[in-house]
Amino acid sequence: MNKYWLRVALDVPLPGLFDYYHTQPVVIGVRVLVRFGPRQLIGMVIETPNEPQFQADQVKAIEMVLDDMKPMSAQWLDLAQFAANYYQRPLGEVVMPVLPAPLRRPAAYTGKRADGGPVSRLRKRKKTAGKKIKAKEAPILNAEQLQAIDTIRTQSGAARYLLYGITGSGKTETYMQVALSVLAQGKQVLFMVPEINLTPQFEQTLRQRLVNAEGQPYQVAVMHSALADGKRLEAWLNTAEGSAHVLLGTRMAIFAAIPNLGLIIVDEEHDNSYKQQDGLRYSARDLAVWRAQQMQIPVVLGSATPSLESWHHVQKGHYQLLVLSQRAKRVPLPTIQLIDTRRAQLDQGWSPQLLEALEQTLSAGKQSLIFINRRGYAPVLHCGSCGWLSQCPHCSAYAVLHKGARHYMQCHHCGIQSPVAKHCPDCGNVDLKPLGKGTQRVEEYLSARFPQARILRIDADTTRRKGSAESLFAQVHAGEVDILVGTQMVSKGHDFSHLALVGVLNADTMLFAQDFRAPERLFAQLMQVSGRAGRHYDDARVLIQTDYPDQAVYQALLKQDYELFARHELEQRETVGLPPYAYLALITAESKTIDQALAFLNTAKQWAQHPQMPGADRVFLYDAVPLRIVRVANIERAQLLIESQHRMALQIFLKTWGAQLDELAKHYRCKFTLEVDPQDI
Ligand code: ADP
Ligand code: ZN
Ligand code: ZN
């Protein structure tokens, strides 16, 4: 019997690949079913060596070769290997979790009703005919759009572009034209958006606009985490086999197999949602740039408020800048005004200017949006006589008051719900008062103030059910809403044509967050939410209530001047040596007690200073500190920031040092995560 040795990547929290053999040759990139301890697992063949790594007589045979799908290509495996190295995770934690669930679930292949596996089951199902869509004509492009399109079209090979265009400047139209020319060459296009909520709108645009010379629509596949397993598998296969020409997706789409990829577009490239916050903590935007380089194809990053990293790349000549400086429909940008809340006569936090503007907009029959980045009724319940606050028993945070059919308190960190206290648990006072406000309280206030208005709230609570977000947004688009109240869910990408007024409450809470990116986020978010207004009307207004109108962020916002903001912010970053002028990694440790977490990090820091540690002389480790919200669900957390001027040095250092931390963490009974290029600090 011949033994063909295999090295297999498995999604288990152990480094390295695992030895198996098969009695027939197996090609690299194929999935195999194996036994791993007591479990069955599906893994991917990464190497076919002449000899196993371990004692040959101990190596087990695989149980099944899963060849229902083409093996993953060498290029795809290179991408996965890069991501594994760069983000310091085992390869198995990359190549397996990014596959649709049915492709990595042993039961899908072994059960009684496996029936040849999920892929062949899908193939047996009748193809459903796609919806008929009426194609839409392109508008006549303006000079800036034409120039951007021309620049991208006339260059071949790898090229990186930053399409910097104000909201409504016709970025989407520009993407469509570039995509059309790539599709006409028979290549595939990857189109990435930050949010699941944005996919229906873009899907429609892509289907309407991407039509070939014979009037045939190009096939669009959609991929995001809210899809049912079967749908996601179908999108994966259609893309991998080339029957889908365009893949529209959220961050996970960067790991799709796209054999004939010719262009990557990353819309709203500054958006934090491109960063995965657990498991493999990758940036889909950064991987998009890497993948484009690998495939020698163009990548277009688009934004009205580019990330400072991307802006810096433009300044250093790494990315080509393409500018759209005018609104495409010739509707002027809304005017932005700051309302100094220290000088206004507030009614429950509402300034007379904002209330008057709401009144006017309402009587003119136009739409308003009140933006407040906090859901629930009030962020805390308070006893006026003894000072008691509704602290969550499990977290160093307050439980938030929610109203509705049933009133309840909920901690937004651990998720625990509890009844609303009828009296103060400390002094018995029955008159407990909600402090501050969230979307529900805003909605309540507005309903009382404007009883004739149709008010709609969109936040994580009103959109929990599948499909509910879509139908709520449809009401807004249909003009069935006078005042929309929403969190950041409403701020991104949506094209509300009837919107004439945006009011912003509580923006200041983001101003003094300790994260050095807080001003950047606040600026992007407020520009974004402002951009929702005035797509239709030329007298649209944005009113921002603040106690700190003199802050640089607000001043730049007043002028709607991203470049001014970027210059100011980059100067600050350079002075203190923060990204994009330095590279960061972050270790977060979790333990029953903060002392254990800190002790682990402090020892880890000492180890890092060992003279023989590779790269150690070129990295700087900050002191370990407790997180601002130190306790969540009774787990206490601390973090340690690592900084370097040299990306390679940081990588080399993390490789060696990181490998030693598992043992150390066990000793201190800690869990930890290591994050490269962290976004939240
Ligand atoms: P962005 O993506 O930059 O926010 P869009 O591409 O969505 O902007 O364009 C905003 C609106 O302007 C859309 O309704 C789009 O159809 C329209 N539009 C785009 N380009 C043009 C153009 N050259 N002339 C007229 N309208 C245009
Ligand atoms: Zn009390
Ligand atoms: Zn809690």
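Do we find that residue 427 is under 30 Å from the mean Cα position of the chain (by Cα) and either assigned by TED's automatic domain parsing to the domain that holds residue 500 or over 30 Å from residue 499 (Cα atoms) (or both) in this structure? No.
Considering region 290-337, and only residues there that are among the basic types (Lys, Arg) and assigned to a loop (DSSP other than H, G, I, E, B), the residue that is farthest from the chain's Cα centre (by Cα) turns out to be 330. Only helices (runs of 4 or more DSSP H) whose full extent lies in region 63-178 are considered here, and the ones with at least 1 residues that are of a type in the set (Ser, Thr, Tyr) and more than 20 Å from residue 319 (Cβ to Cβ) are 107-110, 117-124. Being in the same structural domain as residue 148 (by TED's automatic domain parsing), surrounded by 15 or more Cβ atoms within 10 Å (Cβ to Cβ) and within 30 Å of residue 456 (Cα to Cα) narrows it down to one residue among 283, 307, 303; which is it? After applying the criteria, what remains is 303.
Going through (1) under 28 Å from residue 490 (Cβ atoms); (2) of a type in the set (Ser, Thr, Tyr); (3) within 16 Å of ligand 3 (Cβ to nearest atom) one by one, residue 418 falls short only on (1). Would you mention how many residues in region 1-25 are among the hydrophobic types (A, V, I, L, M, F, W, C) and surrounded by fewer than 20 Cβ atoms within 10 Å (Cβ to Cβ)? Looking only at that region, the number is 4.
Taking region 503-581 and the helices (runs of 4 or more DSSP H) fully enclosed by it, the elements with 3 or more residues that are in the same structural domain as residue 476 (by TED's automatic domain parsing) and among the small types (Gly, Ala, Ser) are at 518-531. Among the residues making up region 52-62, a single one is in a helix (DSSP H, G or I) and among the aliphatic types (A, V, I, L, M): 56.
Pairing each residue of region 385-406 that is among the hydroxyl-bearing types (Ser, Thr, Tyr) with any residue that is within 13 Å of ligand 3 (Cβ to nearest atom) and not in a strand (DSSP E or B), provided the two are 6+ apart or on different chains, yields C-beta distances under 6 Å for 398/390. Examine region 507-528 for a residue that is within 16 Å of ligand 1 (Cβ to nearest atom) and more than 30 Å from residue 628 (Cα to Cα), and state whether such a residue exists. Checked against the condition, which is being within 16 Å of ligand 1 (Cβ to nearest atom) and more than 30 Å from residue 628 (Cα to Cα), region 507-528 yields no hits at all. Counting only residues that are part of a loop (DSSP other than H, G, I, E, B) and among the aliphatic types (A, V, I, L, M), region 1-41 holds 9 of them. Return yes when residue 239 is among the polar types (S, T, N, Q) and within 29 Å of residue 477 (Cα to Cα) and no when it is not. In short, no. So which residues in region 361-407 are more than 16 Å from ligand 3 (Cβ to nearest atom), among the polar types (S, T, N, Q) and either assigned by TED's automatic domain parsing to the domain that holds residue 454 or buried (at least 19 other Cβ atoms within 10 Å of the Cβ) (or both)? Selection gives 361, 363, 367, 368, 373.
Against the test of being more than 30 Å from residue 537 (Cβ to Cβ) and either hydrophobic (A, V, I, L, M, F, W, C) or not assigned by TED's automatic domain parsing to the domain that holds residue 11 (or both), the options 219, 204 yield a single qualifying residue, 219.
At least 3 residues being hydrophobic (A, V, I, L, M, F, W, C) is the threshold, and among the strands (runs of 3 or more DSSP E) wholly inside region 390-481 those reaching it are 399-402, 455-458.
The values are calculated or read from the model by the stated rules, or taken from the named source; none is laboratory data. All values derive from a computational prediction rather than experimental measurement. Using ideal geometry, Cβ is built from the backbone for each residue, glycine included, and neighbour counts are taken over all protein chains shown.
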